[in-house]
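Let me begin by presenting the structure, written as structure tokens, before commenting on it.
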Amino acid sequence: QVQLVESGGDLVQAGGSLRLSCAASGSIFSINAMAWFRQAPGKQRELVAAISSGGTTDYADSVKGRFTIYREKAKNTVYLHMNSLKPEDTADYYCNAEIRTTASLRFVDYWGIGTLVTVSP
């Protein structure tokens, strides 16, 4: 079994910074891409940032230049450093990872349960 556990969500004022963490644990053989998604009330879940196993990153236009995704492979952990936060960044943030377990030959998508980021004006 595999678990993704997010942490770091908080209430912060506009212009502030936060760092989200997501640690994968369990019977992990290999992790491919890792990513952060977010879902605001009444909106669809959207991709915020992604990082490949080789370190290639991709960002939503709305967060480019403000957010940075990076990972520590040895710890099976991905981070999202968020600067210059805006009220419109308020959402539940979800970690996603493509993981191959020790019992499988396939990579499967796993999700965390989310961590809430609230940005006040």
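The values are calculated or read from the model by the stated rules, or taken from the named source; none is laboratory data. These numbers come from a predicted model, not from an experiment. Neighbour counts run over all protein chains shown; Cβ positions are idealised from the backbone, glycine included. Accessible surface areas use protein heavy atoms only, side chains included; no ligands, DNA or RNA. Shrake-Rupley method; radii C 1.70, N 1.55, O 1.52, S 1.80 Å.
Every residue, every condition in (1) under 10 Å from the mean Cα position of the chain (by Cα); (2) of a type in the set (Phe, Trp, Tyr); (3) more than 15 Å from LEU20 (Cα to Cα), yes or no:
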{"residue": "GLU72", "(1), (2), (3)": "no, no, no"}
{"residue": "ASN83", "(1), (2), (3)": "no, no, no"}
{"residue": "LYS86", "(1), (2), (3)": "no, no, yes"}
{"residue": "THR102", "(1), (2), (3)": "no, no, yes"}
{"residue": "PHE107", "(1), (2), (3)": "no, yes, yes"}
{"residue": "ILE113", "(1), (2), (3)": "no, no, no"}
{"residue": "LEU116", "(1), (2), (3)": "no, no, no"}
{"residue": "SER120", "(1), (2), (3)": "no, no, yes"}
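Yes/no matrix, rows are residues, columns are (1) farther than 20 Å from GLY8 by Cα; (2) among the hydroxyl-bearing types (Ser, Thr, Tyr):
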residue	(1), (2)
LEU20	no, no
ALA23	no, no
SER27	yes, yes
MET34	no, no
GLN39	no, no
GLY42	yes, no
ARG45	no, no
TYR59	no, yes
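Would you confirm whether or not the range 85-97 contains a residue that is polar (S, T, N, Q) and at pLDDT below 95?
First, pick out the residues of the range 85-97 that are polar (S, T, N, Q): 90, 96.
Within this subset, residues satisfying the condition of being at pLDDT below 95 are none.
Checked the range 85-97: no residue is polar (S, T, N, Q) and at pLDDT below 95.
In the range 66-94, what count of residues is obtained for those that are part of a loop (DSSP other than H, G, I, E, B) and without any contact (Cβ under 8 Å) to a residue 24 or more places away in the chain? Result for the range 66-94: 1. Scanning the range 31-46 for residues that are surrounded by fewer than 21 Cβ atoms within 10 Å (Cβ to Cβ) and in contact with a helix residue (DSSP H, G or I) (Cβ under 9 Å, 6 or more places away or on another chain) yields ILE31, ALA40, GLU46.
Identification of strands (runs of 3 or more DSSP E) wholly contained in the range 1-49 with 3 or more residues that are closer than 18 Å to SER84 by Cβ yields 11-13, 18-26.
What are the residues in the range 8-30 that are within 14 Å of the chain's Cα centre (by Cα) and open to solvent by less than 60 Å² (accessible area, probe 1.4 Å), if any? So that I can check it myself, show each step before the final result.
We begin by selecting, within the range 8-30, every residue within 14 Å of the chain's Cα centre (by Cα); these are 8-9, 18-24.
Answer for the range 8-30, where residues must be within 14 Å of the chain's Cα centre (by Cα) and open to solvent by less than 60 Å² (accessible area, probe 1.4 Å): GLY8, GLY9, LEU18, LEU20, SER21, CYS22, ALA23, ALA24.
Taking VAL119 as the residue in question, decide whether it is touching a Pro at 6+ places or on another chain (Cβ under 9 Å), in a strand (DSSP E or B) and surrounded by 11 or more Cβ atoms within 10 Å (Cβ to Cβ). Taking the combined requirement at face value, the residue satisfies it. Annotation note: of ALA60, ALA97, ALA49, the sole residue that is open to solvent by less than 70 Å² (accessible area, probe 1.4 Å), touching a Phe, Trp or Tyr at 6+ places or on another chain (Cβ under 6 Å) and free of Cβ contacts under 8 Å to residues at least 40 places away in the same chain is ALA49. Total residues in the range 80-121 satisfying the condition of being more than 17 Å from GLU46 (Cα to Cα) and aromatic (Phe, Trp, Tyr): the figure is 1.
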